[in-house]
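The values are calculated or read from the model by the stated rules, or taken from the named source; none is laboratory data. Here the structure is a predicted model, which means the values were calculated and not measured. Cβ atoms come from the backbone with ideal geometry, glycine included; neighbour counts cover every protein chain shown. Ligands, DNA and RNA are excluded from the accessible area calculation, which covers all protein heavy atoms including side chains. Shrake-Rupley method; radii C 1.70, N 1.55, O 1.52, S 1.80 Å.
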Amino acid sequence: MNSHSQSTPTSALSSFFSHHRPLVDQALSKYSDFSFSDSRQHLANAIRHSLLAPGKRIRPLLVLASHQLFSDQNDPILPYACAIEMLHTYSLIHDDLPCMDDDDFRRGLPTCHKKFGEDMAVLAGDMLNTYLFELLLTSLRPHYPSDQILDSLTHISHLFGIHGLVGGQALDIRPLPDHADLQHLKTIHTLKTASVIQASVQVPAMLLSQPDSVCSQLGHFAHHLGLLFQITDDILDVTANIDQLGKSPNKDHAQNKLTYVSLLGLEDARAHAEEQAKLAHSCLDQLSPLNTVILSEFIDYVLNRLS
Ligand code: GRG
């Protein structure tokens, strides 16, 4: 890691976080404010338990930072920022289930199935994964052209399915013994982790009708940031404690999982993180003269994060 290892973001990013995180949290609370007089309220409570738990909100904040490259308005893109957090939360709820990673704690709280039962946890994930599309279809139309909305929804449904998040998870939980190499690890995390970060960064530019060259350069940036995020996740699994992680540490090690640390060792994993950070910075350089200061500080924040 850099010699100035730190847990708090640097100055421009820290004021960006303190201004924008409450916007995301308030909007998430508004969009999940369901009220039923029957047992669906139990499901609504399960959804809010996981969605409003204190996550870092990295993906929705990336959505807002990317939108601000081209627009000074946050309100039109807030539903998309929330949709990405809903997608991410659904994946965490399902990943924590006994049939997958089997975790008891997440975001410093009992996991969804521990508090509400496995049945409700499955449904909470299902609901978030469906509801996010309803939210997007009902809230983006006044602000963005229909063609751009359709292209964006096509793009994200691809990134969230078998060619992205879900496919990466399948590869991760059913590893083939002869595939334990760096190339395979990169494939898993390009699909599982980087695809959601790519959706966060690229879609604001797509909705705002930016040229293909800009959208794809943002995609390259997000790919490297996503891999960086995963490498630091693997490092934190063996170096951080339960208070920093909000979940049990050493899970990957205990489950004998293929990770950057198990494959390369801690030192080489750190060198790989530095390399991905460098590549992400060089992608941003290609976006000149756009003001990429916040995205650039995001890279250093992810590289040096302690939670
Ligand atoms: C079940 C389809 C499906 C996918 C699961 C989320 C996931 C995919 C796996 C969890 C394990 C893991 C290490 C994923 C990659 C990194 C990741 C998503 C870490 C958690 O994200 P943070 O640190 O969490 O941003 P918070 O709680 O801060 O939002």
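Numbers for the structure displayed
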| quantity | calculated |
| --- | --- |
| Subset tally (residues that are within 12 Å of the ligand (Cβ to nearest atom), within 13 Å of LEU92 (Cα to Cα) and part of a helix (DSSP H, G or I)) for region 28-57 | 2 |
| Enumeration of residues in region 148-172 that are within 14 Å of the ligand (Cβ to nearest atom), in a helix (DSSP H, G or I), loosely packed, with under 14 Cβ neighbours inside 10 Å and not polar (S, T, N, Q) | ALA170 |
| Residue match in region 114-135 (condition: under 28 Å from SER14 (Cβ atoms), outside any strand (DSSP E or B) and either small (Gly, Ala, Ser) or away from the ligand (no atom under 13 Å from the Cβ) (or both)) | no |
| Subset tally (residues that are open to solvent by 10 Å² or more (accessible area, probe 1.4 Å) and under 19 Å from the mean Cα position of the chain (by Cα)) for region 32-48 | 1 |
| Index of the failed condition, LEU64 passing every other in (1) touching a His at 6+ places or on another chain (Cβ under 8 Å); (2) in a loop (DSSP other than H, G, I, E, B) | (2) |
| Residues (surrounded by fewer than 17 Cβ atoms within 10 Å (Cβ to Cβ) and under 19 Å from PHE105 (Cβ atoms)) located in region 49-81 | LEU52, PRO54, LYS56 |
| Identity of the residue in region 191-208, under 14 Å from HIS155 (Cα atoms) and over 18 Å from the mean Cα position of the chain (by Cα), that ends up surrounded by the most Cβ atoms within 10 Å (Cβ to Cβ) | LEU207 |
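Per-residue answers, yes or no, for (1) among the small types (Gly, Ala, Ser); (2) under 17 Å from ASP103 (Cβ atoms); (3) away from the ligand (no atom under 11 Å from the Cβ):
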{"residue": "HIS224", "(1), (2), (3)": "no, no, yes"}
{"residue": "LEU236", "(1), (2), (3)": "no, yes, no"}
{"residue": "THR239", "(1), (2), (3)": "no, no, yes"}
{"residue": "LYS247", "(1), (2), (3)": "no, yes, no"}
{"residue": "LYS257", "(1), (2), (3)": "no, yes, no"}
{"residue": "LEU266", "(1), (2), (3)": "no, no, yes"}
{"residue": "ALA269", "(1), (2), (3)": "yes, no, yes"}
